[in-house]
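Inspection log for the structure reproduced underneath, given as structure tokens.
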Amino acid sequence: MAVDENLQKIRHSLAHVMAEAVLHLIPETKIAIGPAIDNGFYYDFDFPADRKLTEADFPAVEKEMRKILAGNFDFVQKEVTREEALELFKDQPYKLELIKDMPEGEKITTYTQDTFTDLCRGPHVQNTKEINAQSFKLMKTAGAYWRGDSNRPMLSRVYAVAFYKPNDLKDYLTMLEEADKRDHRKIGVQMDLFHLDPEDPGQVFWHPNGWSMYVTLQDYMREKVQRDGYVEVNTPAIMPRTLWERSGHWGHYQRNMFITESEKRVFAVKPMNCPGALEIFKSKVRSYKDLPLRMAEFGHCVRNEPSGTLHGIMRVRGFVQDDAHILCTEEQIEAEVTKFCNLLKDVYKDFGFDKNLLVKLSTRPEDHVGDDATWDHAEAALSAACKSAGLEFEIQEGEGAFYGPKLEFTLIDALGREWQCGTIQLDYQLPSAERLDAQYIGSDNQKHHPVMLHRAVLGSLERFMGILVENYAGAFPSWLHFEQAAVVPVSPDFNDYAQKVCDFLRCAKIRANAYTSDENMKGKIKTISQEHKTPYILVVGAKEQEEETVTCRFRFSSQIPQKTFKLNEFRDYVLDKVATHFNGI
């Protein structure tokens, strides 16, 4: 989405106002940097040892900020010499370091509002009166190494959010509150989906409930790609250094690879699947008649991500992608990308993500490889494919990979948050003679190098599962849910019938459980509704047993009245929802 430059000015200006307010309250503080960021701003501070700023101080800081804003102070820019800047910030060591690191001859500017002056390129609003004093809020503090270097001092980063109007702030805070309720880490524990072990960071331990959904999701994608003409492959988890050197990953990605050694040879756990796919392509002579060859792989990848960047199951070290690599000719690029776009739209529709889909086309960067004519063809093919699939897109100039342009697909969840998941990338380099040298025999009986399309619809299955947990707040559509039906007897007298119903549904491959414990019926239903969020609760008693029926209470009982089904009718009802991947119950 386009950046609101005026709002970014407001946020950047508020960062300066916050720094001034902090200095008013704790004058011995050393200040570092304070940029605008998504939804707000932050400032990094080095507080004196005997006076740390905590969240309990936020009301006082906000009060001081509003006092400054009420002064209607101009933000005054001034260009200064290096010597003037060094003198001006002589008591601020972090500013002095930034000044000394500036190249000779670079323009140095400051901005002043009220009595506060900061080293800054800008831009800012003209006057503090342009900022609504009720439209910002300090949110949290966090540690941040100076200049991102763990060998440098740990600073205190104070985060805040800011908007044009108080109502915008209120809406955002409401969204954060709802997002906290939907946090996949909390729901994952509540619904017994998975756990994360601090002794094994970035690895997911899937429990039966979560694994049931994970396998259902994987099987769903497997069925989709098989229908779309893909063959499924699987490549080794560990491959030799020599392969990674030829592919180029060793030189560009080694720091994120886990390395091992055996029999005096160096191997790496694969961080991505593409070299393995090309090795399969190269395993025999290929003809142009074999193209396009679409190879799908649910390949388990491991990447040595810094522990500080890990986040639940959204950002992990070990994950599986719904990966695929398409080997084709240049003439086939547009048709293959169109086919992929249609597949992606079809999948996202089943999850309710087909509305407001954002698509970006990243074009050639300055350091690209390959001739301009090839790039022109590739970019035109991606553009035409989007249009053919009925997708609008925006251009990201110069944001393509060095080897080719790409499309990125961003979905929007129930809270309006954006998640970049799908992607398709054109690659002329990996199949080339300089890299892995994949070849096919063309219609001219000569050897040619195919084009490689790297593509994923969901991306990391772990991350997509996290997105689904938060999007649905655990109330998953019935086709995906780990427990599609819960059978609850009105009393122990009907436990046998409840179990009979459960067995009948399981034979039809419906995920069902019979709740025959000694707990009373109301307690069972409350647990099933609140903790499991089961789509269908089947209550059975004397009448149901006699007539071989079930009385179904739907998850959204306030919207859908309960209904009595014959067993066969209920089975067919659920199987229809599963077959159509109905995004509801």
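The values are calculated or read from the model by the stated rules, or taken from the named source; none is laboratory data. All figures in this text were calculated on a predicted structure; none of them were measured in a lab. Note that each Cβ is placed from the backbone with ideal geometry, even for glycine, and that neighbours are counted across all protein chains shown. Surface accessibility is based on the protein's heavy atoms, side chains included, excluding ligands, DNA and RNA. Shrake-Rupley method; radii C 1.70, N 1.55, O 1.52, S 1.80 Å.
Across the options Phe494, Ile525, Leu310, the greatest Cα extent toward the positive end of the charge dipole of the chain (unit charges at beta carbon of Lys, Arg, Asp, Glu) belongs to Phe494. A DSSP coil position with no more than 12 other Cβ atoms inside 10 Å describes the following GluC sites (Glu not before Pro) in the range 82-123: Glu104, Glu106. Ligands, DNA and RNA are left out, and with a 1.4 angstrom probe the accessible area of the chain is 48 Å² per residue.
Normalised by the number of residues in the range 1-65, the mean separation of alpha-carbon contacts (under 8 Å, six or more apart) gives a relative contact order of 33 percent.
Taking amide H as placed 1.01 Å from N in the peptide plane, the amide H of Phe267 sits under 5 Å from that of Arg241, Thr260, Glu261, Ser262, each at least 5 places away or on another chain. Remark: spin-label model distance Lys349-Gln218 equals 2.7 nm, labels positioned 7 Å along the Cα→Cβ axis. For the range 1-43, taking the reciprocal of the average inverse distance between every pair of different Cα atoms yields a Kirkwood hydrodynamic radius of 11.0 Å. Pairs of C-alpha atoms in the range 505-577 farther apart than 14 Å represent 64 percent of all such pairs. Restricting attention to the chain, close to 85% of DSSP beta bridges with both partner residues there are antiparallel.
Computed on the chain, with alpha-carbon pairs under 8 angstrom and 6+ residues apart, the relative contact order is 10 percent.
The smallest convex shape that holds all Cα atoms of the range 207-251, its convex hull, gives 128 Å³ per residue. Start at zero, step by 5 Å, and the Cα-Cα distances of the range 438-571 spread as 2, 10, 16, 18, 14, 9, 6, 5, 4, 3, 3, 4, 4, 3, 1, 0 percent across the bins.
Taking every Cα-Cα distance in the chain and sorting them into 10 Å bins starting at zero, the pair-distance distribution P(r) comes out as 3, 13, 19, 20, 20, 15, 7, 2, 0, 0 percent. With R₀ fixed at 60 Å, the C-beta to C-beta distance from Asp38 to Thr564 puts the FRET efficiency at about 0.75.
How would the range 117-202 be classified by its alpha-carbon gyration tensor: rounded, prolate or oblate, with rounded meaning a/c under 1.5 and the a/b versus b/c comparison settling the rest? Oblate is the answer for the range 117-202, as a/c is 1.5 or above yet b/c matches or exceeds a/b.
Pairs Lys355/Lys533; Lys186/Lys533; Lys9/Lys165; Lys224/Lys349; Lys289/Lys345; Lys78/Lys107: which exceed 19 Å Cα-Cα? Check vs 19 Å cut-off fails for Lys355/Lys533; Lys289/Lys345.
Sparsely packed loop sites in the range 218-313 (the chymotrypsin sites (Phe, Trp or Tyr not before Pro) outside DSSP H, G, I, E and B with at most 15 other Cβ atoms within 10 Å) comprise Phe258.
The average projected area of the range 433-505, computed from the convex hull of its Cα atoms over all directions, is 10.6 nm². Electrostatic tally near Glu305: other residues with Cβ closer than 14 Å to its Cβ, Lys and Arg +1, Asp and Glu -1, net +3.
Excluding same-chain neighbours fewer than eight residues apart, the lysines reachable from Lys282 by a Cα-Cα span under 17 Å are Lys447.
For the pair Glu331 and Lys100 in one chain, pulling the backbone fully straight at 0.36 nm per residue adds 77.8 nm over the alpha carbon distance.
Estimated from helices alone, the mean residue ellipticity of the chain at 222 nm is -10500 deg cm²/dmol (sum of -39500 (n - 2.57) over DSSP H runs with n ≥ 4, per residue).
The loop-placed GluC sites (Glu not before Pro) in the range 285-392, going by DSSP, that have at most 12 neighbouring Cβ atoms within 10 Å of their Cβ come out as Glu366, Glu392.
Under 5 Å between amide hydrogens, built in the peptide plane, is the criterion, and for Ser432 it picks out Asp437, Ala438 among residues at least 5 positions away or on other chains. Each Lys and Arg adds +1 at its Cβ and each Asp and Glu adds -1 at its Cβ; summed about the Cα centre, the range 49-162 shows a dipole of about 420 debye.
Taking other residues whose beta carbon is less than 11 angstrom from the beta carbon of Glu28, and scoring Lys, Arg as +1 and Asp, Glu as -1, yields -1. Across the range 498-585, C-alpha contacts under 8 Å between residues 6 or more apart give a mean separation that, scaled by the residue count, equals a relative contact order of 21 percent.
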